[in-house]
Each structure stands twice: as C-alpha cells, then as structure tokens.
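Everything below concerns the one structure shown next.
The values are calculated or read from the model by the stated rules, or taken from the named source; none is laboratory data. Model, not experiment: these values are computed from the prediction. Note: ideal-geometry Cβ built from the backbone for every residue, glycine included; neighbour counts use all protein chains shown.
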C-alpha cells in the first residue's frame, strides 16, 4: 500500500501521474520554445507514460483476477491509456505535435480524478458482467471516447487558431480540422462497434438487444449526435467553424454519458452506472 | 443495413418470446408468450436444482474515520497483505495483523507486569472428581473455583482481614457526618451536633423509603436497603420537627433551618463460614474459620493440598477436593489470550498490533465487534466481506418426445439453446416452498441475419472511410503521374 494514498494500485497511480505530468510539462515547453528535439522528447515521454499506464492496468488485472474495467476508478486507468495511444497514433499520422501536451494533460486529469475518488478494494464482478463481451465492449467504447476526446481537442485548437469570425477555415487551421474529422470518424466507427457489441451481449445474456436502460439511451443519443455531426460537416452551411463547435458539443454528450449517469433518477436500476 | 433490419424484422415477426417460471422439481412443456398465451415448446424442460454460487468470503482490515453522523472507510486491505506493517494514511501510525485464528476462542488470563501497584495473583489447579480445572485468582475478593469452594488471594499482612471475614456477623451501621465530624448513631438515642450544639433524636430507619400518598406519610417498599433513609427529630420551642436523611441522595429535601447532616448507611455483613486463601508473595496457604486463622503453611508450586468442603444445603454432601498451586505472580494484569479451536474458518479472529513511534498496542478483533482505536477519530476493524453472488445457476433436464433426457445448466450470460428456443436466466425468487427460477424464452429466426447485417455495416464503415478514400487518392496520383 502506498504511503500517499490508500487507493488500490496507489503507487502505480502516483507514478503514472508523475509520468504524464513530466510529459505534459516537456511537451508544453517544446511548443513554447518550438524546439524539435524537445518535441521528440515530449513524444517519447508520453510513450513512456503510456507504457507505465499499461503496466498499471496489467497489475490491476492480475491483482483483481478479472479485467479492471468495472468501476469508475478502474476506467480512469483505461481512459488515459487510450487517450495517449490514440494521440500518439494521430501525432505520427498528422505530425501535429501540439496535440501531445493536451493528450498528456487529459490523461493526467483522469488520474487526478482517480486519486480524488479512489477505490479502496476491488469490487467483485456480478454475474451479469461475467461474459466474453465485457472486455471488447468496454475497451472499444474507451477507444472511441479517447478518439472523440482527441477530436474535440483538435476542434478547440482549430477554433482557437482560426482568425476572427470568418466561418471559412484558413490554411493554418486546416490540418487541425482535418485531423479532428479523422479522429471523429474513427471514434464514431468505434462508438458504432461498441454499441453493436453491447446489443449483441445483451441479446446473448437476456435475449433482448436493447432494454432502454439510462446509459444505453444516452449512448444512443451520443451516437446520434455524432451521426448528425458527420452529416452536418458535409453540408454547406455547417462547414468550417460551425462544424467544429458541433464536434465540441458532441463530446459534451460523451462526457455526460460517461460521468453524468448518476445524476439521473433512473440510475439506481442501471447495470452501467459506476458505483 | 438491409440485412440487419430484415434480421431484426424476421425476429420480430416470426419469432416468439415469452417467460417461463419453474419451481425446483417441476417441469413444463410450454411457456407464456407476450400475449399471456401458453405456447408449446415441443419438449419438456425440468428444473432439477437452482443454486446461487457465491464468491468466497474474504476477511479484511478496515480503517474507519469517525464522521459527523457515520463512519467512513478510509483504507482497507486483505488480511493476507497485513502481515507487514501498513501505514495508516495521513498518520504516523502503522498496523499489522500479528496472528490470524480461523476459529478463535478468546479467554481472560492474567500476565505478569512491572507495575508495583498491580495486585498479585495465583493460578491454581483444582481436582474435583474427574476433571481438573485451572483458575486464576487475583488479589481481592474471594473467587469461586469449584462449586462450594472459594479461594481468596491475599497480599502479605492480609491475615487479619481474612480472619475477620469469617468472624461474627457485623450488624448494619448508620453514620452521620456533621461539620466534618463522623459518628455512629443508634435508633432512639439523642445526640448533640458538634459545633452548633443542636440536639436531635434518631427516631426511625426505613431501608427502602418512599412517600405513601394515600397514608400521607413515609413508608418502606421492602426490607432491602435500596433507598435507606434515617428519620431524625429536633425539638425547637417545644415542637418536634422531623427530617429525613437519605444515604443515596445527600441533601435531598434539605431546608436551610434544618440540621446540616450527611448520612451514610453500612449494610450488615454476614460472614463466610470458612475461607481458603493463598498469599501470592509468600506462597502460603491459609485457612480461616470462625474469625481465626486455623492453618497457615507453605505451599510450593506443584504441591497439592486437600481441602474439605463442608456439607450444606447448597453443596449437598461434603467432599474433599485437591488444590495444586501452579504459578504465582507478584504483580498481575488482566489480559486476553486467544487460540484457535480448529483450522476451519468457522469463527475467524485476528491479533492486531498498532504501532506509533516505539509503542505497540495489541488487540484481538473479531468481525462486527469492537474496533481497535488507532488515534483520534480513527479505528481499526476486522470484517468479513459479505458473500456476493458469483453466478445464478439453474440445473435443468430437457426431455424430448422420445423420452430421452439431457442435462444442462442455464446461467446469466450462458443461456441454453435447444430446438430453436433459447432459455435465458432472467430471475429467481425464494419462498417457503423453495426456490423458483424464471427464464426468458426466445425463438429468434432472424438472429443470423442480424449478425450478418452488423458485420456488413462494420465492413461498410471501414470501406467508406478508409478503403475508398485511399483508392481514389491512389487513382488520383496515378492519374497525375499519367498526366505528367
């Protein structure tokens, strides 16, 4: 047990926070000074932090004797890992090093939240979650959420770098908006897959695809909002800055689906709500 | 997409779905569909057994913080991980589980200590008939060791008190304190108060005083000294004024003009006929009877002494028992000692050590009982993590037309497929008659089409977003190459 926090895997949590903080700090410094070697160092440090994060998940998996994706605390280890992974892939594809400090900060925020609301002991897996679908369903969703987070960050960066109030996007902004769209496409595909897997899991466990549970409904609302975004960004009037705003708003729906379920009156009966 | 929707549609139109509830030992060849109609299955499903598998009980240590209204857990660990010192978050204190007892029995015992004010103690073995018993006797009042025999442990110089305890009975005493002077009074006598010189007469004693509102006077409820009251009378100007002094309530009902006296009641002492005693320090065995020390001899550890218990109403015929001195302690403190009765986790308990600086405190803890204090507002508890369901399992037999039975199980996430029907574990209930398991019964011919549709949608998405753009991009570049 860590002397700093009584959380399970407390030492891993503190180490992971340190690693993400150092990479966020280095990458921010690199963007301010515009030194390429420092940028590379930021990317390497984020990769290292991601590997450490992966090791923490592996440790929790072995210690709990099950996939550590049951509680909110546990997903706060999975989510930063996915954020780091997706952002590193995008940085490699689009050469947008500006993403690195934001990804590291996002990952750090997750671990801070975990430190703030720690699990003190492993929760046992109820019968309903003991299925081969559990891991792919949850991991696919978190990959989707990570991609959509990156997409929203890129949208905000594009809005921030955009000049004045011109709805058309300029050449400095275009790489960000393109990368944002690509991340949103990938995130939407993963969201669709996660939703389909959830439906198939429900079918195999209860005989019904859909049971109108609060989280299911909000996941569907989130999916519909991204569907709307992907259509709107192709329409003339909604191109450019408006589409970027829609993307950011859609991520708000993701966050509500992820964290806001306990605010709903129907939450107590849901299988999806984190205790 | 078409395949997906058509699959769902087929499932909806041609499929049937419903519910089936079976009590353990019963069977059914039909289920109740959505329209509350019985639908034949074409085979018989029998529920042989229903079982809730539980996760094994886990024993854990919890550190609790005392909040405004409730306790909250601030940290916890499995007892397996508590063999090493564990820091308590936010404090300098550490704790560990020093010993784990699967089937704990905690007994009071005495152990030696260095405190010179602590009383001495002796351990004696008593052979009364077949079974020998061991008992600790601490300096103080006599302790019963076997039926009819009390042994007292005395300190050197305690002989007189021991003799007096077997002496003639002492009657009750009434003591009165006036102006820091205490003196014994008797009924009917007149006394002069020291200091003021006021004269008063002790007129009445009521052992269990109450005020009788019907008779409008003081009375006693019983002969037991539950509320001893002493009535005194003072004559001033030829008029007798009565005042009640209460031993349990000094000053009760006292008026300023009345005599300021404090009353103490000492109940009568009926002595013990005879008493055996051991002096723990000088290792002497003493026998007192009739107010005198009758016997006083050295008794070494391991040495035996026969003691006679006289015949009485309580003890029946007199008998002889043997006492043997086992151990003496000059200064003893009461402590607890634990052992395990078996290796089965029937009644688990732990010995915990809480360490702060150099001081280590020990405590025995059992689940859902007292906790051990750590420091201000923090305490350590040992708890069993309640058994939680791991699986809901129905053991069923399927009997087909030819009467051949196949045994199978149905659980959440593990439905039974048979002859086009799928049985899902959907619930259970227990009542006086036994367990009852409920199933969702679904016949869904469109499921294959739904799977196919979903796979096609997935391929379609990948094709639209990743394969086609690459092809067109490749085509464009080839076109450009061709042009240049």
Next on the checklist: Give me the strands (runs of 3 or more DSSP E) completely within the range B:145-192, filtered to those with at least 2 residues that are within 43 Å of the chain's Cα centre (by Cα), ordered by residue number.
Outcome noted: B:149-154
Checklist entry - Under the condition of being over 20 Å from residue A:96 (Cα atoms) and out of contact with any helix residue (DSSP H, G or I) (no Cβ under 7 Å at 6 or more places or on another chain), which residue from the range A:9-47 is surrounded by the most Cβ atoms within 10 Å (Cβ to Cβ)? => result A:10
Item to check | Checking residue B:394 against (1) within 14 Å of chain A (Cβ to nearest Cβ); (2) free of Cβ contacts under 8 Å to residues at least 12 places away in the same chain, the condition it does not meet | outcome: (2)
Checklist entry - What is the residue count in the range B:287-310 for residues that are in contact (Cβ under 8 Å) with a residue 24 or more places away in the chain, within 18 Å of residue B:126 (Cβ to Cβ) and assigned to a loop (DSSP other than H, G, I, E, B)? => result 5
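Residue-wise test of (1) within 14 Å of another protein chain (Cβ to nearest Cβ); (2) at pLDDT 90 or above; (3) touching a helix residue (DSSP H, G or I) at 6+ places or on another chain (Cβ under 8 Å).
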| position | (1), (2), (3) |
| --- | --- |
| A:170 | no, no, no |
| A:173 | no, no, yes |
| A:180 | no, yes, yes |
| A:186 | yes, yes, yes |
| A:246 | no, yes, yes |
| A:266 | no, no, yes |
Next on the checklist: Exactly one condition in (1) out of contact with any helix residue (DSSP H, G or I) (no Cβ under 9 Å at 6 or more places or on another chain); (2) within 14 Å of chain A (Cβ to nearest Cβ); (3) free of Cβ contacts under 8 Å to residues at least 24 places away in the same chain is false for residue B:423; which is it?
Outcome noted: (3)
Checklist entry - Which one of B:450, B:412 is in contact with a helix residue (DSSP H, G or I) (Cβ under 7 Å, 6 or more places away or on another chain), facing chain A (nearest Cβ under 10 Å) and touching a residue at least 40 places away in the same chain (Cβ under 8 Å)? => result B:450
Next on the checklist: For the structure I just gave you, tell me whether residue A:238 is within 14 Å of chain B (Cβ to nearest Cβ) and out of contact with any strand residue (DSSP E or B) (no Cβ under 9 Å at 6 or more places or on another chain).
Outcome noted: no
Checklist entry - Out of (1) surrounded by fewer than 20 Cβ atoms within 10 Å (Cβ to Cβ); (2) assigned to a helix (DSSP H, G or I); (3) within 12 Å of chain B (Cβ to nearest Cβ), what's the single condition that is false for residue A:228? => result (3)
Item to check | Given (1) over 30 Å from residue B:115 (Cα atoms); (2) loosely packed, with under 15 Cβ neighbours inside 10 Å, index of the condition residue B:399 fails | outcome: (2)
Item to check | Flag for residue B:468 being modelled with pLDDT of 85 or more and either more than 11 Å from every other protein chain (Cβ to nearest Cβ) or part of a strand (DSSP E or B) (or both) | outcome: no
Next on the checklist: Looking for something within 21 Å of residue A:127 (Cβ to Cβ) and touching a strand residue (DSSP E or B) at 6+ places or on another chain (Cβ under 8 Å) - is there at least one such residue anywhere in the range B:441-459?
Outcome noted: yes
Checklist entry - Inside the range B:373-389, can you point out the residues that are surrounded by fewer than 18 Cβ atoms within 10 Å (Cβ to Cβ) and more than 30 Å from residue B:52 (Cα to Cα)? => result B:373, B:375, B:376, B:377, B:379
Checklist entry - Are any residues in the range B:51-69 more than 11 Å from every other protein chain (Cβ to nearest Cβ) and touching a helix residue (DSSP H, G or I) at 6+ places or on another chain (Cβ under 9 Å), and if so, which ones? => result B:59
Item to check | One residue from A:122, A:149 being farther than 17 Å from residue B:461 by Cα and either away from chain B (no Cβ under 12 Å) or at pLDDT below 90 (or both) | outcome: A:149
Checklist entry - Quick one: which of B:16, B:44 is at pLDDT 90 or above and under 30 Å from residue B:450 (Cβ atoms)? => result B:44
Next on the checklist: Name the residue that is nearest to the chain's Cα centre (by Cα), counting only residues in the range B:92-106 that are surrounded by 15 or more Cβ atoms within 10 Å (Cβ to Cβ) and part of a loop (DSSP other than H, G, I, E, B).
Outcome noted: B:102
Next on the checklist: Given the criterion within 14 Å of chain A (Cβ to nearest Cβ) and surrounded by 14 or more Cβ atoms within 10 Å (Cβ to Cβ), identify the matching residue among B:120, B:89, B:72.
Outcome noted: B:89
Checklist entry - Any chance the range A:204-224 includes a residue that's within 14 Å of chain B (Cβ to nearest Cβ), buried (at least 23 other Cβ atoms within 10 Å of the Cβ) and either touching a residue at least 24 places away in the same chain (Cβ under 8 Å) or assigned to a helix (DSSP H, G or I) (or both)? => result yes
